[in-house]
Every structure is written in C-alpha cells, then in structure tokens.
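Working notes, beginning with the structure itself.
The values are calculated or read from the model by the stated rules, or taken from the named source; none is laboratory data. Everything quoted here is computed from the prediction, not taken from an experiment. When we count neighbours, we look across all protein chains shown, and the Cβ atoms used for this are built from the backbone with ideal geometry, even at glycine. Accessible surface areas use protein heavy atoms only, side chains included; no ligands, DNA or RNA. Shrake-Rupley method; radii C 1.70, N 1.55, O 1.52, S 1.80 Å.
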Protein chains: 2
Amino acid sequence: LDYQHVQVPFEITLWIMLASLAKIGFHLYNKLPSVVPESCLLIFVGLIMGGIIYGLNDRSPPVMDSDIFFLYLLPPIVLDAGYFMPSRPFFENIGTILLYAVVGTIWNVFGIGFSLYGICQVKAFRLQDVSLLHNLLFGSLIAAVDPVAVLAVFEEIHVNEKLHILVFGESLLNDAVTVVLYKLFRSFCEMPTIKSVDVFAGVGKFFVVGLGGVVVGLSFGFTAAFTTRFTKDIRVIEPLFVFLYSYLSYLTAEMFHLSGIVAIISCAMGMKRYVEANISLKSHTTVKYFMKMWSSVSDTLIFIFLGVSTIGENHEWNWPYICFTVIFCLIWRALGVLVLTFFVNRFHVNTITSKDQFIIAYGGLRGAICFSLVFLLPDFHRKKLFIAATTVVILFTVFVQGMTIRPLVDLLAVKRKRESAPTVGEQIHIRFLDHLLAGIEDISGHWGQYYWKDKLEYFNSKYLQKILLREYDQPKSSIVLLYEKLERKHAIELAQAGQLGHGPAHPSFLSSDRTVITDQKLEDTPSHDVLDNMQEILARNLYRIRRTGPAYNRHTLPGDSEPTERAKEILLLRHKSL
Amino acid sequence: LDYQHVQVPFEITLWIMLASLAKIGFHLYNKLPSVVPESCLLIFVGLIMGGIIYGLNDRSPPVMDSDIFFLYLLPPIVLDAGYFMPSRPFFENIGTILLYAVVGTIWNVFGIGFSLYGICQVKAFRLQDVSLLHNLLFGSLIAAVDPVAVLAVFEEIHVNEKLHILVFGESLLNDAVTVVLYKLFRSFCEMPTIKSVDVFAGVGKFFVVGLGGVVVGLSFGFTAAFTTRFTKDIRVIEPLFVFLYSYLSYLTAEMFHLSGIVAIISCAMGMKRYVEANISLKSHTTVKYFMKMWSSVSDTLIFIFLGVSTIGENHEWNWPYICFTVIFCLIWRALGVLVLTFFVNRFHVNTITSKDQFIIAYGGLRGAICFSLVFLLPDFHRKKLFIAATTVVILFTVFVQGMTIRPLVDLLAVKRKRESAPTVGEQIHIRFLDHLLAGIEDISGHWGQYYWKDKLEYFNSKYLQKILLREYDQPKSSIVLLYEKLERKHAIELAQAGQLGHGPAHPSFLSSDRTVITDQKLEDTPSHDVLDNMQEILARNLYRIRRTGPAYNRHTLPGDSEPTERAKEILLLRHKSL
C-alpha cells in the first residue's frame, strides 16, 4: 500500500465525491430542499464531519485554507455568476448596484467598526484592549455581503429580477471595496503612525482596484474572443479557452492586488457574446454545463468546509462582543439600505418598494469570504475572538436569515420572477423603445443610459465584431435570429419528444405533430403556446417563395428543383387549409 | 506585485495555454499537420522552449515530474481511450491483443536486456560495469509500446480497425507487464541475493496486477453507474461522476501497486453503457466533449514537456550503447511480431497479413511512459546513460517512425478504415450472425467468444441492468433504438442546416425539405443516402396508426385528437403520392 504517493489527488477527489454525494442525498427526499436551503444542509454536514474528525483525532479538524478558497474554489463560482449574469437588468440598475456596493459597504464598515469600538469601551465587557483600528479591520471583513451565500439562497426563492440583481450585483461588486479597506486597515495596524496622505492614497486606491479589475478582465475577455476566431479546425479545445482566459484574468488581478472578482466578471461578460458566436454549438453546451457543474461543486465544497472549520479550538468566546456584532450587522445594513434607497428612489421613476427594501436588507448574508479573510489576519491576541464572532455571524445569517427568507417572501407577497420568457411582441416593443429613448436622449442632449448603450452597440458592430468574430456577416435582424433559435429549439424538442413517446412518429409529420406535442406536453407553460404562434407567424412571413420567374418558359426546361418547389407550394396551401 | 501567491495555478494555466495555442498554430496552416504528426511538432516546440530556458538560465530546464505525469497527465488520456474504445473489435481480438501485450512485451524485455548485456561485454565499449540486472531493468522500461504516442500517430493515419485495435490495445494492456517487470527488476537490483522463490512470486504478481486492475476498475465503474441512477433531480453534477469514479479507480489501483491503466480502462468500459442510459443527453455531450478536450490537452502537454526535458545535462553519451539500443528495439519487436503472428494465424481464419504485421512492428512507438520510468530509477552511476538511450529511442520512434509510417501505409496500400458507418442491413446481419454463432457454439459444445458474449448479454439484461439503470424498461429492439437515434440526429441536422441556410424554411416543410437538404449538402457521403432510405423504410413500418376503433361511433363524440389523427392520415397519403 503506497498511500503517500497518491494522497493529494486522492483526498481532493474524495472531498469532491463526498460533496457530490451529499448533494444527491438531499435531492432524494423532495421535502428537505423545499424547506431548508441547500447551504444550511451542507454546513450541517460539514459540522457533523468536523465533529467526527475532532472526536477521532482529538484535535481541531483542518481549517479551510484561505489560499485554496481564493485560488481554486471562488473563481468557478464567480465565473459562472458573471457568465450567466442577465446583462440587461444589471446595466439598467448599475447605478443603484454601485451605490449599494460602494457607499453601502463603506457605511457598514465604519458603522460596525465604530459602534463595536463603543462597546469595547464598556469596562464590564473586558474588551478595552481591542483598538479602534482592529475594530475597523474587523468591520471591513464582516461588512461585505457574500456572493456565494446570496446566490445559494436567492436561487431558490425566485424573487423578481430587479431585486435579485440588486442584492447579487452588490455582493459581487463590493469585493473591490472590501479588498481596499481590508488591506488598508491591515497595513494601518502594522504601521506605527498613520499620515493623512495614507488615507487619501486609500481612497485613490479604491478606483485603481475596481477599474483596474475591469480593465484586466475586459482585456482578457477580448483576447479570449479573438483566440476563438482561430479554433475552427480544432473544435475540441474551444471550451478550454473560456476557462483559461477567465482564470488568468482572475489570477492576474490578484497578482497586482486588484479585485479578482471584478476582473473575472468583466472578462466573462466581455467575452460571452463573441465567444458564443465563434465556437460550435456543442462546445457551447460543454462550456455552459461544465461551468454550472464546476461552480456547483465549488459551492458545495465551500459550505461543507465552512461547517468543518467551525468545529475546533480556534474560538474565544465573549458574549457581549459576539452578540453586538450580530446586532450591529443587522442594524447598520438595514439603516444603510433605507438611507441609500431613499436617495435612489428620488431619482428613479421605477422605485424600490419598502417590501423590496426589507428583502435587500434581510438578504445581506455573510459567507466564506469573511471566513477566509478572518483567518488571513495577522496574529494578534484577539484573533480568536474575531474568528468566533465571524463564525457566529455567518451561521446566524445563513441559518436564521437563509431559512426564514423564503417564508417572509411568501408572507410579504414580494413580486416574484415572471416564469415565462418575454414574448416576441414584448421583445420587439422593448427594442423599439430602446431606440426611441436613445433618440430622445440624443435630441434632448441628456446623455443617459440609452444614449450610451446605443453608442456602445454602434462601436461594437462597427469595430469589435469585425475583429473578434470569425464569420462577420452583416448583423442579422434580431427577429431572424430569434426565428432561427426557435426553429432549432423546436427541432431538438421534437426529436426528444419523439424519443420519449410511445411509438416513433412518421418523419413527414414532424411538423404537424408539433401542435399535438406542445398541446399535450407543454400545456402548463403558457409561454410555449405564445412562442409557437409567433413561430408560425414568423415562418409564414419569412418564408421566401423562390419562384420569381414565370411559371412556364418556352426557352428553359424546368430545373430539378422546380418540382420540389411546386410540391412545397401545394403542401403549404394544403397545410394552411387544414 | 505578489507573484508568489498565485504562482502555482498561474504557471499551470500558462502551460496549458501555451499548449493550446501551439495546437491552434499548427492547424492554421493546413499543410503542416498533413505532413508531420502533431506529436513531432509538439516535441519540436518543447525542444525550442527547453533551449530558450537553458540559454536564459544557463542550467537544465525543469524535467517533467514523474508524479505529475502519472497522477495528472496520463489518466485523462487513458480514460478517453477506454471510454471511446470500440468494444466489438477489442473483444473480438482480445486473445491476440493479450498475446502481444503479455508474451510480446516479456519477449522484448528479455531480448533487449540480454542482447544489450552482450554488448556490454565488448571491452572496447567500456560498458562492463553495467550488470545484467541493470540491462534487464532498462529493457523492462524501454520495451513497452506507449499508448499516448501510438494514439497520436495512429489517429492520423486511419488504418483499418483491426490493425488499429491490435497496436493500440497492446499499448494499453502491456502496462500490467511493464509495472510488474519494472518493479521486480528494481527490487532485484536492491536485493543482495535473488532466490528462485522471488522469481515465481514475480510471475504470480503479474496476474494479481492485471486482474486486480480489472476488478478495481469494474467495481468503480459499476458504482458509478449505480450512482447516476439517483441524479435525476440534479442533472448539473452528472458528468462529474464519470470523471470522479474513473479517476478514483486509477488512484486506488496505483495505491495498491496494481495497473492503473488497466483499472481506468475497465472502469470506463464497464460504466459507459449504463451511465449513458442514465444521464441526460446534454450531460452526455458534456462528458464526451470534456473528455476529448482534457485528453487532448494532456497529450499536448506531455509532448511539449518531453521536448523541454530532453534539453539539459542529464545525458551521458555512449555511442555503441545508444545505437544498439535503437537497433535491438527494432529487431526484437519485429521478431516478436513475426513469431507471435505465426501462432495467431494458425488458429484464426481471418489472418493478419504480412503488410499488417509490418505496420504492427513499425508502429511500436515509445513515449512518455518510458521517459517517466527512467527518471524514477534509483540513482546509480549509469543512470544518465539510460536517460540518454531512452531519449534517443523515443525521439527516433516518434520522429523517424512516426513521420514515415503514413507514407509507408500509402505505399504498401494497407487496408484503410472504412469511412462510412455500417448500414442498417449490415447491422441486422451482424446481429443475426452473432445469435446464430452463439447457437452453433452452444450445440457443438465449443464455448467460444460468441457463447460467452451471449451469456454475458443475458446476465446483463437479467441482473445488471435492473440494478444499474434508472428507467429499466424491457430492452427495446435495437432496430427501434436505431430508428430513434436516426430521428434525433436528423432533427438536429435539419435545425442546423436551416440555421446555416439562406432563408428559414417553413416548419411544415421540415420533413419534405429533408431530402433536398441531404441531396444538396451531404452528397459526398454515400452512407447518408443509405441511412436516409433506411429511415424512411423504418418510419413507414414502425408508424403505428392509432385509429383502432371504428371511424364512426354513435355513443362517443369524436375526441380532440381525432381530427389531427385524421389530418395526419390524409397528409400521409398525400405525401406518399408526391
């Protein structure tokens, strides 16, 4: 037996296997996942495993390594989030998201930091040795909402798109603020004196970290798109480039102390449309499914490790500090959301309702990022107290808030996500309005969001597409693209329905079978009927009858294609009459 | 700048990126890959890179780590090979393959070892300090044909299926022999005296290593199939299990000093049919494409690393030893193939022609496995000589044999792989013959391959399928399965053709368009027409007209489905008349 030799890959594989089997286990009993969020269950599994390890070895189980978390577990989740980010609601609400992410996070950091410092002044609590800087450092790591935790909970409760993107976008973009403040306070802790110039440098650094991340991400994203121009002869490695370039963008950003999360999100959002146009359909399926699979596994591992790392002797328990941390986290978040939303609502027609505000405040879950950051703190005598407080806050938000948010959403009747895809009519309408608003903004001289979007779209089709796309045609009308997509989807659906059905359908009835199949199988989703009607209308109008010459010509023999054309015509008319 | 922090993943990503870009580079110029095999070009890139590193640092570039090779680079390639192994030709020729792999490899090991020992006795060569055991040890690592090198070359020359499986199967299965002999001689080298009992233990060990690998592989494979029974609600992690279980089988086998290659191949072949039936179509696409992608990257990395590792000061040059090694490798392989094929041909009707024998002997390429094994040798004073000889043999076989094998195949007019898939008629015929032969073998009391295949198939459908498959129906007739597959393929083809075509086709003509499309686009592949005809025949015979009751009934209103049924009937007749 030579365990040493295979230990590293063997243990990694076993952990992933455990995570996957845990996931399967939960989904075997349908009741469980509908009551408790998966994240809670996974932490619970982790706690049990940590307990077992602790019991067997009589020493603390291994703590989740911060390096492993930041280098290997976090990137897949953020990549997945960025790649599948609904770009329209994201950019429509980018101002609000940035306000929450930047101002909101700074508000929370200083609010929590100063009020905890106030608590530390109470003699009875025996916390006088925790300095203001240490409290602010602790505030900087505990204030940030965690994208992994938010995603895990919000994916299951299906709130409306705007609410979702506000919480989720904030949790992603606050990384830049967290990185800057955390590193700033950490270096202040080690400096003997702090000059005011350092404070200003910190403010400037925030722009460098955030915008630098965007620049790194976009440049890698466009390079990825450019690379996939040349993979036509070697389809098999196409999916690789999506992963390689986005990971490189993350690592490069981390290397230069920029925000890796912002970089990987910009990279994914920047490359998506070009890469998808360049690579084959099967490569695209592979990219999508593999990304989902990977992020799902990472997510599972993170929550299990969180549970395992909680067990052990890393904690210093101080009731007042820990309780007040939880309370301040809740209070400052709620206050921040209220104040910021007040300003946001003054400038927007489509306001954020008070129900939505409550869910935004309540959805501020903390997770593995805080946990990894607190372990990265330099050693000082109260580190274990901070670890204990962070653990409690995470467990409190994930368990209490995570488990009650779904009933609350039901109770408050928060507007849900619309289940159906937008109809063709709606899409055309939206597109029309976009152009109209861009025109109005241009005329009125107000350079708003529609104006910039229009300019960007122009720049894209004028320059970017020519460089980054392999087959650069004139941009197709989006209605034709939609029709093609519907046709393709329909054909695959048909084939699968035929496969699952009782007997094979006659191929010549693929099309007439369609209505039957959709009526029978997809009755519950109304959007399908609508799509189907639209498809038929489109088909009727987009079908170009190729017979342009006269029906009979003395000088030319009827070509080979003529009879089939005519047969088509006849069948078309008959089909219509049916 | 904090490079230390991200160094490991950053460098790994960069290496993979380099490999992928090199691959794209070759395929940009169509001339290059058609003359030189990709493996040669990659080694060449590696040599250049090694030269650059050597020139810049003035010390030997890093050598490919044997652990990295065996633990991370080899498994994906072998998994891919096992998963896509054409099982019918493999099992039909399993006897011949095993003969080549076991007896042939032993023959080569002892042939090369003893004759090199003879060379060492010549005083003029100054090699008298190389003992017989060391020569045998060297023989054991240099004798084995390398699956990675064989795959890289044979994939491009398209010889007939039997020839391909003979060489490729041998290269995979000889791993068990290599592992045993290499470890045996290595331990003999360190032992003071060798008892005869040790030799017999070595012979027994061979069976343990080979059969143990099969047992480990099959048990993991069946566990994987069993696991995928329960992934219905969580499709996203399905592909993971294929990779996790096969990797675990490899690691477990390595841990117990069994043959990891044999284990992973058994695992992949064992799980394939059950996993494919259990997982969704998209998961299956992901598995297939990701496996291909991964093995392709591993393969590229291996050849580049081979090139890089060649440069440096690890070599001790001794002309006679190195030249005779190359010559003996060629001679003993040729002799072995001749002798073994002579015996094989005596017992088979379908003999191996002398042209095929030449290609089998000539296709015995050496590759990265020898290279890694020679670096794993315990340090002794002539290790650098062995490294030099191994490097030369690998470069000679990959460059000289690899580059000339394609012209030779053309020159000898070796029977090529048939380009078209077997027609339905052929498939039915083959199936019929299988049953017939199984019956004949049963009656005649000769328990041959068909008898066992039949028994295995019975066992499979009686027990295994019930345990391992989620939806266990009565086994469908393979003709119905084929029809379903054709329908599905056809629908996807149609949608893609419609998407690429000039204008969208009317959906009601999906089916009548089909013949037009296939005529226009797929004219060059005759099998498509055949398949198409078959599909039509199948469709006509398998279409079940559901109208079983009388056309008019006083007591029942015509159901909703009736008019569409009748419309179908009418359209069917009209379609036929057209």
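Details
- Scanning region A:274-287 finds one or more residues that are surrounded by fewer than 19 Cβ atoms within 10 Å (Cβ to Cβ), more than 9 Å from chain B (Cβ to nearest Cβ), polar (S, T, N, Q) and out of contact with any Pro (no Cβ under 6 Å at 6 or more places or on another chain).
- If the condition is being open to solvent by 30 Å² or more (accessible area, probe 1.4 Å), outside any loop (DSSP other than H, G, I, E, B) and not hydroxyl-bearing (S, T, Y), then region B:71-96 contributes B:R88, B:F91, B:E92, B:I94, B:G95.
- Unmet requirement for B:V214, which otherwise passes all of (1) within 14 Å of chain A (Cβ to nearest Cβ); (2) assigned to a helix (DSSP H, G or I): (1)
- Exactly one residue out of B:V262, B:V308 is over 30 Å from A:T231 (Cβ atoms) and either at pLDDT 90 or above or open to solvent by less than 20 Å² (accessible area, probe 1.4 Å) (or both), and it is B:V262.
- Residue check for A:W294: closer than 19 Å to A:A368 by Cβ and either in a helix (DSSP H, G or I) or open to solvent by 30 Å² or more (accessible area, probe 1.4 Å) (or both): yes
- Restricting the first member to region B:395-419 and to residues that are farther than 27 Å from B:F303 by Cα, and the second to residues that are in a helix (DSSP H, G or I) and open to solvent by 60 Å² or more (accessible area, probe 1.4 Å), the beta-carbon pairs closer than 6 Å and six or more apart or on different chains are B:L412/B:K355; B:V414/B:K355.
- Of the residues making up region A:218-237, those that are aliphatic (A, V, I, L, M), at pLDDT 90 or above and surrounded by fewer than 24 Cβ atoms within 10 Å (Cβ to Cβ) number 1.
- Note on region A:373-460: enclosed helices (runs of 4 or more DSSP H) holding 1 or more residues that are open to solvent by less than 70 Å² (accessible area, probe 1.4 Å) and touching a Pro at 6+ places or on another chain (Cβ under 7 Å) are A:402-412.
- Verdict on A:F200 being within 24 Å of the chain's Cα centre (by Cα) and either more than 18 Å from B:A19 (Cα to Cα) or hydrophobic (A, V, I, L, M, F, W, C) (or both): no
- Hits in region A:1-37 (condition: within 24 Å of the chain's Cα centre (by Cα), at pLDDT 80 or above and more than 10 Å from every other protein chain (Cβ to nearest Cβ)): A:A22, A:V36, A:P37
- Considering residues of region B:176-200 that are hydroxyl-bearing (S, T, Y) and at pLDDT 80 or above only, the residue surrounded by the fewest Cβ atoms within 10 Å (Cβ to Cβ): B:S187
- Just so you know, in region B:238-255 the residues that are facing chain A (nearest Cβ under 8 Å) and hydrophobic (A, V, I, L, M, F, W, C) include one that is surrounded by the fewest Cβ atoms within 10 Å (Cβ to Cβ), and it is B:M255.
- Taken residue by residue, region B:341-349 has at least one member that is in a loop (DSSP other than H, G, I, E, B), open to solvent by 60 Å² or more (accessible area, probe 1.4 Å), among the β-branched types (V, I, T) and without any contact (Cβ under 8 Å) to a residue 24 or more places away in the chain.
- Scanning region A:227-237 for residues that are part of a loop (DSSP other than H, G, I, E, B) and more than 7 Å from chain B (Cβ to nearest Cβ) turns up just one, A:K232.
- Applying a threshold of 8 Å to beta carbon distances and a minimum spacing of six or more residues, or different chains, the list of pairs starting in region B:287-308 at a residue that is closer than 13 Å to B:I43 by Cα and ending at one that is open to solvent by 10 Å² or more (accessible area, probe 1.4 Å) and basic (K, R) reads B:T300/B:K23.
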